[in-house]
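The values are calculated or read from the model by the stated rules, or taken from the named source; none is laboratory data. Note that this is a predicted model, so its numbers are computed, not measured. Here Cβ is always computed from backbone atoms with ideal geometry, including for glycine, and neighbour counts include all displayed protein chains.
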Amino acid sequence: MEENNLQQKQPAIKQAWLRVLLFVLMYLISSAILTMVAGIIMVLTGSITMEEIQSVAGNKGNIIFLIFSQVFSLIAAALSIWVFRKFVDRRSIISLGFEVKGKIKDMIAGFLVGFLILFLGFIILYFTNQLEITVIEYNVKAILGSLVLFIIVAIVEESVMRGYVLNNLMEWLKNKYVALFISAVIFALFHGINPNITLLGFINLILAGLALGITYVHTKNLWFPIFLHISWNYFQGTIFGFEVSGLNIKSIINHDLIGSDLITGGKFGFEGSILLSFLLIAMIIVADRILAKKTV
C-alpha cells in the first residue's frame, strides 16, 4: 500500500535533471565527509597511518582502509538515495531496479560477461607478448578482502549511477540512449582523478558506463550491472593483476607489461587499453541487439 501511494505521488522537484544534479551533490559531499571520518577513525585507533592513507592516492591501496572507506561511501549512497526517493522523487527504492525475483540469471550472466571480457583481454595480451607473467601467488586475506571491497564498490556505484542517475535521466530525456551516454560521461568523471588516468582510459570509462548501463535502459534492473561490475573489478585486479582504474590491488597473477601502453593500458591498467575499447564496443552492440529483440 505504501509503495503504491509513493508511485502515485508527483516528484517534489519536477525537473529530473535538477533532481540528478542535487542528488549527485549530496552524494559527493556526504561521501567525502564520511570518508574523512573513516580515515580519522582508523588513524586514531592505530589501524592505519597518515602515510598509508596518502599512499592510497599514490597507487598503493591499503585494502583495510579501502574497505572501511567504501563502507562509509555505501552509507552515503544509501542515505542520499533514501532522502531523494522518499522526499524528492516520492518513489520506492525497490523501483530503482532492486527487484530480486527471477533475476538470478541476470546475476550469473553479468558475472560471466565480466570474466569473459577480462579473460579474453589477458589471453590476447599474453599470447601477443604484450605482458610477461612473473609470479603466481595466493594470499587468502587479500583475495577475500578485495572481493568484499569490490562487492561494496559495485553496489555503491551501480545504485548511484545506474539506479538513480540513469533512472532519472531516462525520465527526463525521450531518447534512452542519450540518457545512457550522459550517465556514462558522469560515471567517467567520477573516476577522473584516479591515479595515472589517460585520455584513452577516460574514453574507456565512458564505454564501461555504456556497457554497465545498456541492460538497464531495456530492463530497469540493477542486478546484471552490479554483478558485471563486481566481476570486472575482481578479475581485472585480484586475478589478472592489472591496476583497477589506476589502483594497485594485490593479485594472484603478477606480470610485467612489455608492450605498448596503448595496447596494455600501462599504469592505469587494462582500462587504458585500446584492446578493451573494441571488446567493450562489441559487448555493448551485442547486448543492445539481444535485449532490443526481447523488448519488442
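Does I182 meet the test of being more than 15 Å from the chain's Cα centre (by Cα) and hydrophobic (A, V, I, L, M, F, W, C)?
It is true that I182 is more than 15 Å from the chain's Cα centre (by Cα) and hydrophobic (A, V, I, L, M, F, W, C).
Do we find that L112 is closer than 27 Å to F268 by Cβ and modelled with pLDDT of 95 or more in this structure?
yes
Hey, among the residues in the range 185-210 that are at pLDDT 95 or above and within 11 Å of the chain's Cα centre (by Cα), which one's farthest from K105 (Cα to Cα)?
The extreme case among them is A188.
Search the range 136-164 for residues being surrounded by fewer than 19 Cβ atoms within 10 Å (Cβ to Cβ) and of a type outside the set (A, V, I, L, M, F, W, C), and hand back the single one that is nearest to T215 (Cα to Cα).
G145
Here's a check for you: in the range 1-25, which residue that is modelled with pLDDT under 90 and over 20 Å from A77 (Cβ atoms) is surrounded by the fewest Cβ atoms within 10 Å (Cβ to Cβ)?
Of all residues in the range 1-25, those modelled with pLDDT under 90 come to 1-9.
Filter once more, so that each one left must be over 20 Å from A77 (Cβ atoms): 1-5, 7-9.
Working: M1: 5, E2: 7, E3: 12, N4: 8, N5: 10, Q7: 11, Q8: 9, K9: 10.
Looking at residues that are modelled with pLDDT under 90 and over 20 Å from A77 (Cβ atoms), I get M1.
Under 6 Å between Cβ atoms, at least 6 apart or on separate chains: pull out the pairs that start in the range 13-30 with a residue that is over 16 Å from F187 (Cα atoms) and end on any residue that is in a loop (DSSP other than H, G, I, E, B).
Matching pairs, first to second residue: R19/I13.
Here is a list of conditions, (1) touching a Pro at 6+ places or on another chain (Cβ under 7 Å); (2) under 14 Å from Q130 (Cα atoms), and T264 meets all of them except one; can you say which number that is?
(1)
Here is a list: G237, G272, G209. Which entry is within 26 Å of I143 (Cβ to Cβ), crowded, with 24+ Cβ neighbours inside 10 Å and in contact with a helix residue (DSSP H, G or I) (Cβ under 6 Å, 6 or more places away or on another chain)? Quick ask: steps written out before the conclusion?
On the way: G237 fails: in contact with a helix residue (DSSP H, G or I) (Cβ under 6 Å, 6 or more places away or on another chain); G209 fails: within 26 Å of I143 (Cβ to Cβ).
Exactly one residue qualifies, and that residue is G272.
Answer yes or no as to whether N168 is over 24 Å from T35 (Cβ atoms) and surrounded by 23 or more Cβ atoms within 10 Å (Cβ to Cβ).
Yes.
Being under 23 Å from I67 (Cα atoms) and among the hydrophobic types (A, V, I, L, M, F, W, C) is true for just one of F119, F127, F190. Which residue is that?
One residue alone meets the criteria, F190.
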